Each structure stands twice: as structure tokens, then as C-alpha cells.
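Heads up: the structure comes next, in C-alpha cells.
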Amino acid sequence: MQNDDKHKAYQQAHAEIKAVLLGEQLAHLKMATINSILKAHLPYYFWVGFYLKRQGKDELSIGAYQGTLGCLHIPFTKGVCGRAARTQSVQIVADTHADPEHIACDASSLSEIVVPVFDYQQHLIAVLDVDSQQLNSFDEIDAHYLQSILNEQFAASPLEYIY
């Protein structure tokens, strides 16, 4: 996808997310909606989903997602999602098969971006994982828009969580 097209797709997705989630306070509804809208607007998204930080543990568990079956649990010590949670930083992987930490939940995933999700108190609550069936799908444009969307939806104010 060309950079101009990518910017336009993210801008449209961001506007739709803002409109649909205006006033929404349930975190799981936000996550499901964000997945759906992003996957609809970004054609190179193969799998998109949230891994939720388990309370009191350095482990992530699958939350809302769109795509093939995802890994159920990921410790902070394993995988790109674990690395993003552990370092609390965006991870962009151009070739998942070349990254020794990548966990192959689906072997057709060739590139990946993982973005940490923080609540209004700046505590890690999840990571957003996006996979593509193409190499080098993700870059700083993706990181910028995903961080912006996630900060706006999760870090701006307290939310209600259903466990």
C-alpha cells in the first residue's frame, strides 16, 4: 500500500472509530470495534487483535480479535507481543520468520506490528497485535496512527472492564 493511501485509510478508520465509539465506556466493546474497523479499512491486515494483560501476572491472554485462531496465552518473556509488553514499546517486525522471538500462531503471518495499550493512569492493559501475509507491511505510519487511536480510546479517561 502506498504511503498516501495508507494515510488516507488510517484517517478514515480513525474518524469512523471516533464516531462509533463516542461516549462508549466499555473497554471490550472498544477493542472489538477497533479491530473490525481497522481490518475493514486496511487491506493488508490479516489478523488484528488485543492481548490483555492478566492482573498480577506478566502474561497476556487473548481478547477481542479478527482473523484465524490466535495464541491463547503469551508470557512477557515470549514472542513479539511479550516483548512489546515487557519493553512497553512498539515492535515492528518486517519478516516474522527472521525474528527469533516470533511465535507462529499462524505460519502465514509474514510481518507484524505490536503496540502497547495504556489506560488513563499509564498502566499497561493490553497490546494490539496486527499481522500481515506480506513482508514489510508495517512502518512508522502504522505505529503513529495506531498509537494515536489507542491513546485516544484507552488513555484519555477511565473505562469499565468486564472480566
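Output the number of residues of segment 21-43 satisfying the condition of being more than 12 Å from the chain's Cα centre (by Cα) and among the hydrophobic types (A, V, I, L, M, F, W, C).
Within segment 21-43, residues that are more than 12 Å from the chain's Cα centre (by Cα) and among the hydrophobic types (A, V, I, L, M, F, W, C) number 8.
Suppose we filter Ala85, Ala40, Ala32 for residues that are outside any loop (DSSP other than H, G, I, E, B), of a type outside the set (Asp, Glu) and buried (at least 23 other Cβ atoms within 10 Å of the Cβ); which single one remains?
Ala85
Among the candidates Phe76, Phe118, single out the residue that is surrounded by fewer than 21 Cβ atoms within 10 Å (Cβ to Cβ), within 24 Å of Glu16 (Cα to Cα), in contact with a strand residue (DSSP E or B) (Cβ under 8 Å, 6 or more places away or on another chain) and of a type in the set (Phe, Trp, Tyr).
Unique residue meeting the criteria: Phe118.
Taking the condition closer than 24 Å to Leu26 by Cα and within 15 Å of the chain's Cα centre (by Cα), does Phe118 pass?
Here the answer is yes, as Phe118 does meet what is asked.
Taking the condition of being under 16 Å from Trp47 (Cβ atoms), of a type in the set (Gly, Ala, Ser), touching a residue at least 12 places away in the same chain (Cβ under 8 Å) and out of contact with any strand residue (DSSP E or B) (no Cβ under 6 Å at 6 or more places or on another chain), how many residues in segment 79-115 meet it?
Qualifying residue count, segment 79-115: 2.
Please go through segment 43-63 and give me each residue that is buried (at least 20 other Cβ atoms within 10 Å of the Cβ), under 24 Å from Ala107 (Cβ atoms) and out of contact with any Ser or Thr (no Cβ under 7 Å at 6 or more places or on another chain), ordered by number.
Val48, Gly49, Phe50, Leu60, Gly63
Pick from Gly23, Gly56, Gly63, Gly49: which is under 20 Å from Asn151 (Cα atoms) and in a loop (DSSP other than H, G, I, E, B)? Outline the logic, then answer.
Details: Gly56 fails: under 20 Å from Asn151 (Cα atoms); Gly63 fails: in a loop (DSSP other than H, G, I, E, B); Gly49 fails: in a loop (DSSP other than H, G, I, E, B).
Just one listed residue meets the conditions, Gly23.
We did not get these values from a lab; they are worked out from the coordinates using the rules stated. Small disclaimer: the values here were computed from a predicted structure and weren't measured. Note that we place each Cβ from the backbone using ideal geometry, even for glycine, and neighbour counts take in every protein chain shown.
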